[in-house]
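The values are calculated or read from the model by the stated rules, or taken from the named source; none is laboratory data. Please read these numbers as outputs of a predicted model, since none were measured by experiment. A quick note on method: Cβ atoms are made from the backbone with ideal geometry, for glycine too, and the neighbour counts reach across all protein chains shown.
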Amino acid sequence: MASYPPSTGKSVSLTYWSAWLYGVNRDYSIIRMSYSDDLVAGFSRSIREIVSDKRYRNVFPEYQQYGDNPFATKEVYNWKLKDSTVPASHIAVSRDGQVTGKRANKAMIFDDMTKGAEEATDSVVHQNLYNKWTGNWINRRDGDSTKFVFAGTMWSPEDILNRIIEDREKISELIPSKQFKYVWESKDGSTVVIRVPLLDENDETTCEAVMTTEEARQLRDVTDDFQWACVYQQDPIPAEGLDFADELLNHFDRLPVNEDGTPAYSNYSLAVLDTTRRGKDNASMPIYKTDGRNYYMIDCIFKKKAMTDLYEEIIAKIEEHHITWLVIENNTDTSLKSLLDKMLEDRGIYYCIITEKYSTIKKEKRIKDNQGLIRKLMYFKDKKSYKPNSDYGRFMKNLTTYSFDYPNRTDDAADSRCIICNRDNT
C-alpha cells in the first residue's frame, strides 16, 4: 500500500517496476487497473516502450534476440511477450472493466482507483470499489506469489486505500519500519504500508522537486482541513461529522483579565492525565487555567510513549505550571499515583493533589455525552500560535479530526477533555 500527494511519481515508479519484472522473468503476468481506460492504456504503452528500447536490452541481454519487437501480441490492453508461457503478459483494465477469467501470477496493481477530488466524498463510489475488491479482484491472482499493490492519493477515510489498510491491520499489527521513514510493516511480514505527507513533522517539504516548503505551507493555508489532511498529508479525516472541528471550538489569544487589568484566572493550574494502554494510544495530559467557569488549555503532553518514559516530563509540567490538581484516568494500574506522589515529595512539592478517576462508561459515549460542554467551556489557542508537530499541535489535530460517524484511529484528545468536564464527579 503506497499513498503520496499528487504528482510525486507513483505511476511512473510502478511502470518502471513492471518493466523490470519482465526483464527478470518473461513468464510473469501483471494486471494493471485504474479509474479510466485512458490511464491504463497509457501505462501499458509506457511499459512497452521501455521493454522495446535498446537500453533495456543492455540491462537484460536475453532481449537482444528480439530486437525492437519483443512482443508476440501488441494489443494495448492485452499484450504478450515472445516465448512467454502465460496467456497474457500485461492486462490493462479500468475499474469498470471486465477482469473475470483473467489472472496475474506476479502482481495486481491498483493505481489511482479514485477519480480525484470529485469522488472524494462519494461514499457510494468508495463502497462499490471495495465490494469489487472483496468480491472479484482479490480472486484474480494466479497463486500465492502474486503481490497486490495499491498506490494512489488518499482522498477519504472511506477510499479503498484506507479500507484495505484497516483490513490488513486487523490481520496483523502494523509497526513503524526500523529502516525506512513513513513506512509501516505488519508483524507477520505480509503487508507494507507507505504514507508520505507533503509536509513532514518539522513542517518541511518531503520533496523539494515537487513543491517547496514555502509553497506547501501556502497551499495549506488556503486548503480546507479535509482536503489537506487526505490529499496532501495522506492522513485522512472525515469530510463530515467533525463535532470538534476547529471552527466550532472557542479560542483565546491571551488569558482573560478583569476590567482593571488584573488576571481573571487563578495563579494555579489543573490537569488531567489519560494514560496509555496500547501501543497506538497517546498519553494525553492537557493543562488548564480557569476563571472559575471556563477552562483555557495552556499546554499539554501528547505523546505516543510508554508511561515510564514520561514520568519526569509530567513532574516538570507540574512545576512549570504550578498544577495543584492532577486527575488520572487509570482503570488498570493503581501504582502511577503512588509513584508520582513519591517523585513530588522527593522534590519538596506538596501543593499538587493527585486523584484517580475510574470509569466504566465506553469512551465514545463519554465523549458524545460531553461534547456540548467541551464546545461551551473549553478554550484553545489559535492554531497560528502553535506548531503542528508540537504536543499541542498533535493534540489539537487528534481532537479536531475526531468523528462520531467514522472509525477513529485514536480518541485520546477528545477523551481526556471529558475528564475535566466531569470534574464534579471526580
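Could you count how many residues in region 35-75 are under 30 Å from Asn128 (Cβ atoms) and touching a strand residue (DSSP E or B) at 6+ places or on another chain (Cβ under 7 Å)?
So the first thing to find is which residues in region 35-75 are under 30 Å from Asn128 (Cβ atoms), and the list is 35-47, 75.
Filter again for touching a strand residue (DSSP E or B) at 6+ places or on another chain (Cβ under 7 Å), leaving 35-37, 40-41, 43-44, 47.
Summing the residues that are under 30 Å from Asn128 (Cβ atoms) and touching a strand residue (DSSP E or B) at 6+ places or on another chain (Cβ under 7 Å) in region 35-75 gives 8.
One line per residue, one yes/no per condition, for (1) closer than 25 Å to Met154 by Cα; (2) in contact with a helix residue (DSSP H, G or I) (Cβ under 9 Å, 6 or more places away or on another chain); (3) β-branched (Val, Ile, Thr); (4) outside the structural domain of Ser7 (by TED's automatic domain parsing):
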residue: Tyr56; (1), (2), (3), (4): no, yes, no, no
residue: Tyr66; (1), (2), (3), (4): no, yes, no, no
residue: Thr73; (1), (2), (3), (4): no, no, yes, no
residue: Asn78; (1), (2), (3), (4): no, yes, no, no
residue: Ala88; (1), (2), (3), (4): no, no, no, no
residue: Val99; (1), (2), (3), (4): yes, yes, yes, no
residue: Ile109; (1), (2), (3), (4): yes, yes, yes, no
residue: Met113; (1), (2), (3), (4): yes, yes, no, no
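Which one is surrounded by the most Cβ atoms within 10 Å (Cβ to Cβ), of the residues in region 143-156 that are more than 10 Å from Tyr4 (Cα to Cα) and touching a Cys at 6+ places or on another chain (Cβ under 8 Å)?
Kept after step one, since they are more than 10 Å from Tyr4 (Cα to Cα), are these residues of region 143-156: 143-150, 155-156.
Okay, now just the ones that are also touching a Cys at 6+ places or on another chain (Cβ under 8 Å), so 155-156.
Details: Trp155: 30, Ser156: 26.
Out of the qualifying residues, it is Trp155.
Looking only at region 68-101, count every residue that is surrounded by fewer than 17 Cβ atoms within 10 Å (Cβ to Cβ) and of a type outside the set (A, V, I, L, M, F, W, C) and tell me the total. Show your work before the answer.
Of region 68-101, the ones surrounded by fewer than 17 Cβ atoms within 10 Å (Cβ to Cβ) are 68-69, 72-78, 82-83, 85, 87, 96-98, 100-101.
Those left that are additionally of a type outside the set (A, V, I, L, M, F, W, C): 68-69, 73-75, 77-78, 82-83, 85, 87, 96-98, 100-101.
Residues that pass the stated criteria total 16.
Of all residues in region 123-165, how many are more than 22 Å from the chain's Cα centre (by Cα) and in contact (Cβ under 8 Å) with a residue 12 or more places away in the chain?
Residues that pass the stated criteria total 10.
In region 113-130, which residues are surrounded by fewer than 17 Cβ atoms within 10 Å (Cβ to Cβ), polar (S, T, N, Q) and within 21 Å of Asp37 (Cβ to Cβ)?
Of everything in region 113-130, just one residue is surrounded by fewer than 17 Cβ atoms within 10 Å (Cβ to Cβ), polar (S, T, N, Q) and within 21 Å of Asp37 (Cβ to Cβ), namely Asn128.
Considering each residue of region 370-402, count those that are in contact with a strand residue (DSSP E or B) (Cβ under 7 Å, 6 or more places away or on another chain) and among the aliphatic types (A, V, I, L, M), and give that number.
3
Could you check region 53-67 and list, in sequence order, the residues that are surrounded by 10 or more Cβ atoms within 10 Å (Cβ to Cβ) and within 45 Å of the chain's Cα centre (by Cα)?
Looking only at region 53-67, we keep the residues that are surrounded by 10 or more Cβ atoms within 10 Å (Cβ to Cβ), and these are 53-54, 56-60, 62-67.
Correct list: Asp53, Lys54, Tyr56, Arg57, Asn58, Val59, Phe60, Glu62, Tyr63.
Could you run through region 19-33 and say how many residues are hydroxyl-bearing (Ser, Thr, Tyr) and out of contact with any Lys or Arg (no Cβ under 7 Å at 6 or more places or on another chain)?
As a first pass, look at region 19-33 and keep what is hydroxyl-bearing (Ser, Thr, Tyr): 22, 28-29.
Adding the requirement that they be out of contact with any Lys or Arg (no Cβ under 7 Å at 6 or more places or on another chain) leaves 22.
The total comes to 1.
Just the residues that are of a type in the set (S, T, N, Q) and surrounded by 22 or more Cβ atoms within 10 Å (Cβ to Cβ), please, taken from region 253-281. I'd like the intermediate steps shown before the answer.
So the first thing to find is which residues in region 253-281 are of a type in the set (S, T, N, Q), and the list is 258, 262, 266-267, 269, 275-276.
Of everything in region 253-281, just one residue is of a type in the set (S, T, N, Q) and surrounded by 22 or more Cβ atoms within 10 Å (Cβ to Cβ), namely Ser269.
What number of residues within region 291-315 are among the hydroxyl-bearing types (Ser, Thr, Tyr) and surrounded by 16 or more Cβ atoms within 10 Å (Cβ to Cβ)? Walk me through how you get there before you give the answer.
Narrowing region 291-315 to residues among the hydroxyl-bearing types (Ser, Thr, Tyr): 295-296, 308, 311.
Add one more test, that the residue is surrounded by 16 or more Cβ atoms within 10 Å (Cβ to Cβ), and what stays is 295-296.
The qualifying residues number 2.
I'd like the full set of residues that are among the aliphatic types (A, V, I, L, M) and touching a helix residue (DSSP H, G or I) at 6+ places or on another chain (Cβ under 6 Å), limited to region 152-181. Outline the logic, then answer.
Step one: of region 152-181, the residues among the aliphatic types (A, V, I, L, M) are 154, 160-161, 164-165, 171, 174-175.
Those that are among the aliphatic types (A, V, I, L, M) and touching a helix residue (DSSP H, G or I) at 6+ places or on another chain (Cβ under 6 Å): Met154, Ile160.
Of all residues in region 1-54 being of a type in the set (Phe, Trp, Tyr) and touching a helix residue (DSSP H, G or I) at 6+ places or on another chain (Cβ under 9 Å), which is nearest to Met113 (Cα to Cα)? Don't jump to the end; show me each part of the working.
Of region 1-54, the ones of a type in the set (Phe, Trp, Tyr) are 4, 16-17, 20, 22, 28, 35, 43.
From what's left, touching a helix residue (DSSP H, G or I) at 6+ places or on another chain (Cβ under 9 Å): 4, 16, 20, 22, 28, 35, 43.
Working: Tyr4: 14, Tyr16: 19, Trp20: 23, Tyr22: 24, Tyr28: 23, Tyr35: 5, Phe43: 14 Å.
The qualifying residue nearest to Met113 (Cα to Cα) is Tyr35.
Among all residue pairs at least 6 apart or on different chains, which show Cβ distances below 7 Å where the first residue, located in region 368-391, is without any contact (Cβ under 8 Å) to a residue 24 or more places away in the chain and farther than 14 Å from Tyr295 by Cβ and the second is small (Gly, Ala, Ser) and surrounded by 17 or more Cβ atoms within 10 Å (Cβ to Cβ)?
Qualifying pairs under 7 Å: Tyr386/Gly393.
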